[in-house]
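S.K.: Take a look at the following structure, please.
The values are calculated or read from the model by the stated rules, or taken from the named source; none is laboratory data. Quantities reported herein were computed from a predicted structural model and do not represent experimental measurements. All Cβ positions, glycine included, derive from the backbone under ideal geometry; neighbour counts span all protein chains shown. Note: areas computed on protein heavy atoms with side chains; ligands, DNA, RNA excluded. Shrake-Rupley method; radii C 1.70, N 1.55, O 1.52, S 1.80 Å.
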Amino acid sequence: MSHVFPRHSRKTLPTVVRGEGAFLYDTDGKAYFDGSGGAAVSCLGHSDPAVIAAIKAQLDATAFAHTGFFTSEPAEELADKLIANAPGSLDRVYLVSGGSEAMESALKLARQYMLEKGEPKRRHVIARRQSYHGNTLGALATGGNLWRREPFSPLLMETHHVAPCYAYRGQEADETSYDYGQRVAQELEDKILELGPEEVLAFVAEPVVGATSGAVPPVEGYFKRVRDICDKYGVLLILDEVMCGMGRTGSLFAYEQEHISPDICAIAKGLGAGYQPIGAMLCTSEIYDVIRDGSGFFQHGHTYNGHPTAAAAALAVAKRLIDDEVASNVAPLGAKLQHELNNTFGQHPHIGDIRGRGLFLGLELVKDRGTKEPFDPGLALAPRLKAAAFEAGLICYPMGGTIDGKRGAHILLAPPFIMEPSHIDLIVGTLEAAIEKVLS
């Protein structure tokens with residue numbers, strides 16, 4: 001009998017015993033290709049010698065020291081490395097233990113910044129429907145994932161949501177993609193004016209939407225318009241790159257491809273690549289300086305902030321991605337994978353859209369390709385597809401509720417950056433067989 005409290009109490013899971021490259025192995029020796037990197041985490045696979053060596057070396061030196069008393073060399077070096085490679089005006093790094101913590105830190109920093117700046121009325125947070133920003137209460141309230149929010153809604157702070165930039169579902173037939181992006185971005189300005197510009201704190205968005213909608217990229221010009229709106233009304237732009245950052249979309253920071261810079265950015269998942277739990281909040285010098293020159297104290301914190309061993313692991317990951325140019329594999333491998341997905345599923349009667357950037361790709365399932373009608377949610381396609389693919393040796397990330405939290409389903413792919421071109425056939429072939437098994 002197990003005393004572990006699992007995610008699902010009615011499922012029996014295999015026990016993982018070994019990871020090697022892009023594969024995980026259970027106690028029976030069965031191999032599973034990690035086609036989703038867990039949840040877009042394992043960008044370097046499961047046996048990177050440089051990262052493992054860095055963790056061991058740090059454990060031999062200092063495993064842990066509380067940041068109320070010490071800083072550490074790996075934390076300092078990691079912050080320097082991230083800022084040196086972050087386009088725009090980000091200047092400071094606050095290290096935490098994961099994505100939800102990074103987003104909670106971002107929200108609290110935004111509020112404290114406005115207080116110390118002398119704008120205490122600013123309290124409203126605006127985000128987008130069909131988004132996900134974490135599972136702690138503040139991050140959950142900010143996100144627009146209705147399925148995750150609903151049970152806890154009485155506990156959540158007030159937030160506001162506007163339309164996502166989701167061209168497959170939202171763009172009109174007589175509308176260009178650019179005009180569509182400008183239209184949905186205008187909803188942000190309208191909401192700011194409705195709430196009162198002097199009372200709006202921040203706008204929060206994923207540059208490429210992850211688990212909730214399935215690798216949905218923005219259309220050209222959307223985020224430039226969003227940045228202009230935020231600047232016009234003094235609203236902070238917080239970008240959540242927990243899932244889509246650290247090279248996943250083909251650039252180290254996903255926002256780089258939008259030719260903008262945020263005021264605050266959250267990263268995690270690929271930052272530690274699964275070797276240690278870690279996340280980070282990055283902010284501009286303008287925000288940091290207001291705190292430094294005001295109270296001098298960020299009224300926030302966690303026991304494992306800046307954990308030396310986690311920082312050492314993340315520094316080794318960053319060096320592998322940047323210095324060893326592992327992240328440069330993402331764009332060409334992603335293009336090949338997307339090409340094969342289009343070849344196999346581009347005319348599939350039940351695949352309505354194939355989308356994404358780099359090695360962050362999604363396939364949206366539909367009952368009718370012509371009308372985009374979704375399947376009945378009662379069919380539970382997502383868990384059935386997950387199970388069928390897993391049985392066949394492919395780990396992927398299907399989710400339901402793609403359209404509005406209840407209707408729609410998609411499959412998310414986020415394989416390791418160290419995958420071989422030959423693995424593409426494995427992914428596509430196994431996925432094709434799983435889809436055929438579930439939909440036949």
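S.K.: Mind checking which aspartates and glutamates have their Cα closer than 18 Å to the Cα of LYS319? Skip sequence neighbours fewer than 8 apart in that chain.
M.R.: Result set, ordered by chain and number: ASP48, GLU73, GLU76, GLU77, ASP80.
S.K.: Looking at the stretch 245-328, which trypsin sites (Lys or Arg not before Pro) are in a loop (DSSP not H, G, I, E or B) and have at most 10 other Cβ atoms within 10 Å?
M.R.: Within the stretch 245-328, no trypsin sites (Lys or Arg not before Pro) qualify (loop, at most 10 other Cβ atoms within 10 Å).
S.K.: Please label the shape of the stretch 235-308 as rounded, prolate or oblate, based on the square roots a ≥ b ≥ c of the eigenvalues of the alpha-carbon gyration tensor (a/c under 1.5 means rounded; beyond that, a/b larger than b/c means prolate, else oblate).
M.R.: Oblate is the answer for the stretch 235-308, as a/c is 1.5 or above yet b/c matches or exceeds a/b.
S.K.: Ranking request for peptides 219-228, 96-105: highest mean number of other beta-carbon atoms within 10 Å first, then the rest in descending order.
M.R.: My ranking of the peptides, most packed first, is 96-105, 219-228.
S.K.: Can I ask one more? By DSSP, what percent of the beta bridges with both residues in the chain are antiparallel, rounded to the nearest 5?
M.R.: 70 percent
S.K.: Turning to a different aspect of this structure: Calculate one ³J(HN,Hα) per residue across the stretch 357-365 by plugging θ = phi - 60° into the Karplus curve 6.51 cos²θ - 1.76 cosθ + 1.60, and present them in order as whole Hz with x for glycine and proline.
M.R.: Values, residue by residue: 9, x, 9, 9, 10, x, 10, 9, 8 Hz.
S.K.: Would you work out what percent of the accessible area of the stretch 299-394, with all protein chains in place, is carbon or sulfur (probe 1.4 Å)?
M.R.: It is 49 percent, rounded to a whole number.
S.K.: Then there is this: Expected output is a single nm value to one decimal: the length gained when fully extending between GLU436 and ALA84, i.e. 0.36 nm times separation in residues minus the C-alpha distance. What is it?
M.R.: 122.1 nm
S.K.: Another question about this same structure. Please work out whether the chain counts as rounded, prolate or oblate from its C-alpha gyration tensor, where a ≥ b ≥ c are the square roots of the eigenvalues and a/c under 1.5 means rounded, while otherwise a/b larger than b/c means prolate and anything else oblate?
M.R.: Verdict is oblate for the chain.
S.K.: Leaving ligands, DNA and RNA out of it, report the carbon-plus-sulfur percent of the accessible area of the stretch 1-83 at a 1.4 Å probe.
M.R.: The nonpolar share, carbon plus sulfur, comes to 57 percent.
S.K.: Where does the chain land at 222 nm, in deg cm²/dmol rounded to the nearest 500, when only DSSP H runs of n ≥ 4 count, each adding -39500 (n - 2.57), divided by all residues?
M.R.: Estimated from H runs of four or more residues: -11000 deg cm²/dmol.
S.K.: Taking the Cβ of GLY408 as the center, what net charge do the other residues with Cβ under 14 Å away carry, scoring Lys and Arg +1 and Asp and Glu -1?
M.R.: Residues close to GLY408 contribute a combined charge of +2.
S.K.: First select every other residue whose beta carbon is under 10 angstrom from the beta carbon of PRO14; then total the charges, Lys and Arg +1, Asp and Glu -1.
M.R.: Charge balance in the 10 Å sphere: -1.
S.K.: Below 22 Å, Cα to Cα, which lysines can LYS11 reach? Residues fewer than 8 away in the same chain don't count.
M.R.: Of all the lysines, those that pass the test against LYS11 - Cα under 22 Å, at least 8 places apart if same chain - are LYS30, LYS386, LYS437.
S.K.: With a 1.4 Å probe and all protein chains kept in place, how much accessible area does LYS30 have, in Å² rounded to the nearest 10?
M.R.: 70 Å²
S.K.: With every protein chain present, what is the per residue accessible area of the chain (1.4 Å probe, Å²)?
M.R.: So the chain comes to 44 Å² accessible per residue, rounded to a whole number.
S.K.: Next up: Using θ = phi - 60° and the Karplus curve 6.51 cos²θ - 1.76 cosθ + 1.60, what whole-Hz ³J(HN,Hα) does each residue of the stretch 397-408 get, with Gly and Pro shown as x?
M.R.: Using θ = phi - 60°, the values come out as 10, x, 9, x, x, 4, 7, 8, x, 10, 8, x Hz.
S.K.: Could you name the aspartates and glutamates in cross-link range of LYS224, using Cα to Cα under 19 Å and dropping any fewer than eight places away on the same chain?
M.R.: Straight-distance partners of LYS224: GLU175, ASP179, GLU187, GLU189, ASP190, GLU206, ASP240, GLU241, GLU256, GLU258, ASP263.
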